[in-house]
Structure formats: C-alpha cells, structure tokens
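Dumping the structure here so I can ask a few things about it.
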Amino acid sequence: MSQTIPYKIYLSEEEMPKQWYNVRADMKNKPAPLLNPKTLKPATAAELEQVFCAELVKQELNTSDPYIDIPQEILDFYKMYRPSPLVRAYCLEKKLGTPAKIYYKFEGQNTSGSHKLNSAIAQAYYAKKQGLKGVTTETGAGQWGTAMAMACAYLDLDCVVYQVRCSYEQKPQRREVIRTYGGKAIPSPSMETEVGRQMNKEFPGCTGSLGCAISEAVETAVKTPGYRYVLGSVLNQVLLHQTIIGLEAKAALDKYGIKPDMIIGCAGGGSNLGGFISPFMGQKLRGEADYQFIAVEPASCPSLTRGVFAYDYCDTGKVCPLQKMYTLGSQFMPSPSHAGGLRYHGMSSILSQFYHDGLMQARAVEQTSVFEAAELFCRTEGTLPAPESSHAIRVAIDEALKCKETGEEKTILFGLTGTGYFDMMSYQKFNDKTMSDYVPTDEDIKKATDLIPRFPGNEF
Ligand SMILES: *Cc1c(COP(=O)(O)O)cnc(C)c1O
C-alpha cells in the first residue's frame, strides 16, 4: 500500500489536548436550562449539588468559558490509554471501491471498551477532590458501569452500580469486570430503594430500564452521606469531558492538513457524538469552516428523528431535573428485540439544540443493516465493533457508496466508540439470523410522548 497518510495517526504526549472545549460558549442559541422537577424553575447550583459533585455542577452550568483546563491527575490517567488512534480505513475503502477517504477515531482500546472512561475518570476525580466516600450510578449495556468502576478503583472511591436487570443477567462478564475493579453491581429494579421496591411491586419480574436504574442510583446518592450520583451520558459535563475525542481527532487531522467533509457518530444520550463534533462545530458556529454532521440512531429508539423537542424527565422515577431535549417520553421502552444499544429515550440538550437549529442532521437505521455493516467492517478493518458504534459505520458506508456513484472524493470521519467483545449475544442473534427489525408505530410513539409533562412554556 503506497500512502502519504499513515494507516494510524497518533499524537505525541506533548500534542495531547490539555483543555476540554465547551461548545456552549460559541452557541448563539444556548441549550435551555435544567428545571427543578418540583418547582419547574431553573435548577440552582445548590439544588444540583445535593445530587452531583460541586465542580461538576459548575461545569454543567457553565455556558461562557470556551476552554476548561483538564487537571493534571486526569491528564496522567488519560496517558494510560490515550491518545486513541485515528485510523485511515484504507482496507474498507478498497473493499467498497469508493473514491471517498474514510477515517475513524477508535475509542475501544481500554478495558472498559469504550469512550465512557474519558468522563468516568473526570467525574471520579472531582468526587475524590470534594472528599467524598463514593459514587452511585446506573449502567445499561454495562460499559459505563465498567468505566466508572475502573476510575473509582484508581482513585480509591466506592462505586455502586445499579445495573439494568436484564443486562445484569445476560452480561455476567460486564458484572464481573465491575466487581473485579471493586465496584458493587446491583440488579435494578432492586429492593434497596423506594423506586425499586415500587417497580417490583407494580411490575413483578420486571427486567428493568435505564430510566429506573437512574432513579435508584439518584435516590441512593441523596440518602447516603458522602455519596453523589454520576451519569455516563446526556449531561453537558459528560459531553464536555468527551471533547477529548474531537480535540485529538482534529489535532491529528490538522497535522496532515486533512479537512473532513462530513462527521458521523452514533447517538444514544449524545455524549460521544457531542464530544467528537464539538471542536468542529465550534468552527462552524464561528464561521471559520463548514462541515456536515450526522447523528445516527436506532430506528427502534428514534429520539431525534421521531421524538418531540420539549422539557422531559431524564428518568422513570422523575427525581432528576427536567431537561429540554428531543425525547420519546421517559416512559418509552424500546422493543425487547432491540439488541444494538442506544436505547435512551432522550438526547443531550446541546445536540438537541444543534439539531433543532439545523446545524446537525440525524438518521435512523435498522439493526440488521447495522450488524451487516459491523460484519463488513470487522472482516475488512479487523476490529470487532460495538453494536452502538456500528450505527455510525452503517452511515459512513452508505455515504462512501454514494461517493462511488457520483465519483466524489469526500473525506468521511466517523466515531468508532467501542469494541463488541461483550456483545456477542447480539452478534449471535445476527449470525443465527434470528435478529429482527422493529420500528415503533406512530401510535407507540404518541402513547409515550403524550406522557411528557405539559406546563406553560412546554408546548410541543
Ligand atoms: C454508551 C455508548 C454509546 C452511546 O452513548 P453516547 O452517550 O450517545 O455516546 C455508544 N457507543 C458505545 C460503545 C457506548 O458504550
């Protein structure tokens, strides 16, 4: 292979970003503030500090500082597994026969297997600095719980993880990684919280949901002295920490004078995509450059493409602040046949605002086509991708095939958020051809969006 651009572009330690980028500073239309669920007034720092670490509350509410220093201790931890490689997908390009140039930023090369560690270490650091004893959190697919357990082990903090029951049972490997790093994994709904007991009573045998696990984790954090709650996506602070992905990618591309035409990422709660596109979006907002941004979501949980833009609850138990976002309603449950992750009902309010303002596009894709893309990708590029990440692969391939038709030599950049090692049950369904595609009907969606709270100022 003769090539001027190397297969992998790395950054040296000196070239690593030392600050996170806060894209809200450059947004004309700022995301709407969080609301207190009881008063429906903007949540104050004092209220939020009962749930979250003080420094993280500051970051959550900071809409004006474009750059925030990454503390040295976090930079040191990042050095253990970063920079993550930026890969030119030469093999995939060749296989597709496309004139497009494809790049991906791979976040799966750490034990937790995804980008989530970037924010886990930051949140654990601020908890430790505040003198806390431990943190509580939820995990769905398991990556976030694993990442949080790793970060807490490093900083000697307790880590209590409410793991959605079906994942706790179906993904014993994830659970054991959490335990090996010293975390405590509790299947949710549990009998340890009011929310959990209520769920178990109302729906015996209930296999849980992310929204319910969040409520349980928040309840435990608020009731236990020396504990706070940490969340793996959706919040502004998480997106801020994840900008390390975009900043590294941009620095690596800049080294070779490469400018992507389109940037694609999968969107669950929106943290990886938000962090990935932020530095590029900043340029677009400041009028310095233009890019096409595409958020990819599952057709079975289509918050951006079919949800409504409104204030909604972030959790089933309605204990978290209300957030303005594209949402399917906090009571929305994706079909049990959905195996590909990204099953959160809402979306980061920053990404929601981008989408609402026409700065970012969104596409919904069906899971069988996602796994077909994953199969092609692992057979050509070698890396077994997480199902979530494979949503981005699907659209990157579709766009590269369009280039093949038109002859355009577009540069496509996508985020490969994690590895699929812990998702072999989903791959098994695909390999056995027992995987089905489920797209909710308009009625299904209306049933859930009808339950979004209505109050003055929340018309949708
Ligand atoms: C959690 C996760 C996602 C989705 O979360 P976002 O907050 O939308 O980034 C995507 N890919 C992987 C591998 C994940 O673990």
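A short reminder: the numbers here are calculations on the coordinates, not readings from a lab. A quick note: this is a predicted structure, and the numbers were derived from the prediction, not measured. Here the Cβ is made from the backbone with ideal geometry for all residues, glycine too, and neighbour counts use every protein chain on show.
Go through the cysteines of the chain and tell me which have no other cysteine Cβ under 4.7 Å away.
For the chain, the answer is 53, 91, 166, 206, 212, 266, 301, 378, 403, because their Cβ atoms have no other cysteine Cβ under 4.7 Å.
Quick one: which of 441-451, 276-286, 169-179 comes out on top by average Cβ neighbours within 10 Å, and what's the full order, highest first?
By packing density, highest mean first, the sequence is 276-286, 169-179, 441-451.
Checking the cross-link filter: which lysines have an alpha carbon closer than 20 Å to that of residue 259, excluding same-chain neighbours under 8 positions apart?
8, 101, 105, 250, 284, 402, 404, 410
Sort out for me the Cα centre separation of region 28-96 from region 254-281, rounded to whole Å.
Taking the Cα centre of each part, region 28-96 and region 254-281 sit 15 Å apart.
Please give the helix 117-129 orientation as an angle from the longest Cα principal axis of the chain, in degrees from 0 to 90, rounded to the nearest 10.
It works out to around 40 degrees.
Please list 75-87, 118-130, 150-162 highest first by mean number of surrounding beta-carbon atoms within 10 Å per residue.
By packing density, highest mean first, the sequence is 118-130, 150-162, 75-87.
Going through the cross-link list 18/116; 116/318; 18/324, which pairs have a Cα-Cα distance over 28 Å in this structure?
Exceeds cut-off: 18/324.
Please get the size of the charge dipole for the chain, origin at its Cα centre, with Cβ charges of +1 on Lys and Arg and -1 on Asp and Glu, quoted in debye to the nearest 20.
Rounded to the nearest 20 debye, it is 220 debye.
Tilt of helix 210-223 relative to the longest C-alpha principal axis of the chain, in degrees (0 to 90, nearest 10)?
Once rounded, the angle reads 50 degrees.
Once phi is turned into ³J(HN,Hα) by the Karplus curve 6.51 cos²θ - 1.76 cosθ + 1.60 with θ = phi - 60°, what whole-Hz value does each residue of region 43-57 show in order, with x for glycine and proline?
Going residue by residue, I get 5, 8, 4, 4, 5, 5, 5, 6, 9, 10, 5, 4, 5, 6, 5 Hz, with x marking Gly and Pro.
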